[in-house]
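Undergrad: Quick one: the structure is below, questions incoming.
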Amino acid sequence: MGKSYYYFSLLHIQVRIMKVLLSLLLVTITSYPALAVETAPAMVDSGNTAWLLISAALVMLMTPGLAFFYAGMVNRKNVVSTLLQNYVALAIVGIVWVTIGYSLAFSEGNGFIGGFSFFMLDGLTNTLYNTDTKVPHYAFMAFQMMFAAITPALITGAIAERVHFKAWVC
């Protein structure tokens, strides 16, 4: 097997992973408001919401682009580790953001940090994040989650070839 086949198979795997992640993101965003028990749904601006979701998807696609960029700058033996660091950053930050991060960043709390009113996205039914933009909380949460996920992926560029994957995760 040649070098080009190795990179093609990595690209093929990454495309499949991104398709699965994007479909899970879209299913998650579209299914939660449908499960709400509220009687009067809020008026959602479809244009603002669509643009926010497209922007979130584009930022999510920046993560594999960043992974390939960093993987192209490291030695051959560190390529897989660099790719994994970026994908694991997307996965770990996504889970942490949904469980506690969104609540600490955007719920009511003291002057320094938010509270726990949105813990595990509790209380985000058919409510709008902002009445001016008329964007649902779930769309705004997904948009902010993508920026929270790409931040540690950017940091992996500073530690490429200096930190092993196992040490980076722990």
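Undergrad: Inspect all residues belonging to the range 99-108 and state whether any of them is modelled with pLDDT under 90 and of a type in the set (A, V, I, L, M).
TA: The answer is no, given that none of the residues of the range 99-108 is modelled with pLDDT under 90 and of a type in the set (A, V, I, L, M).
Undergrad: What are the residue pairs meeting all of these: first residue in the range 69-92, first residue under 15 Å from ILE13 (Cβ atoms), second residue modelled with pLDDT of 90 or more and not in a helix (DSSP H, G or I), Cβ atoms under 7 Å, and 6 or more apart or on different chains?
TA: Once the first residue is under 15 Å from ILE13 (Cβ atoms) and sits in the range 69-92, its partners that are modelled with pLDDT of 90 or more and not in a helix (DSSP H, G or I) give THR82/VAL74; THR82/THR156; ASN86/THR156.
Undergrad: Additional query: Note down all Cβ pairs under 8 Å where the first residue falls in the range 32-60 and is modelled with pLDDT under 60, the second is among the hydroxyl-bearing types (Ser, Thr, Tyr) and not in a loop (DSSP other than H, G, I, E, B), and they're at least six residues apart or on different chains.
TA: Final answer for the pair search is TYR32/TYR138; PRO33/TYR138.
The values are calculated or read from the model by the stated rules, or taken from the named source; none is laboratory data. Quantities reported herein were computed from a predicted structural model and do not represent experimental measurements. Counting neighbours? That spans all protein chains shown, and the Cβs are built from the backbone with ideal geometry, glycine included.
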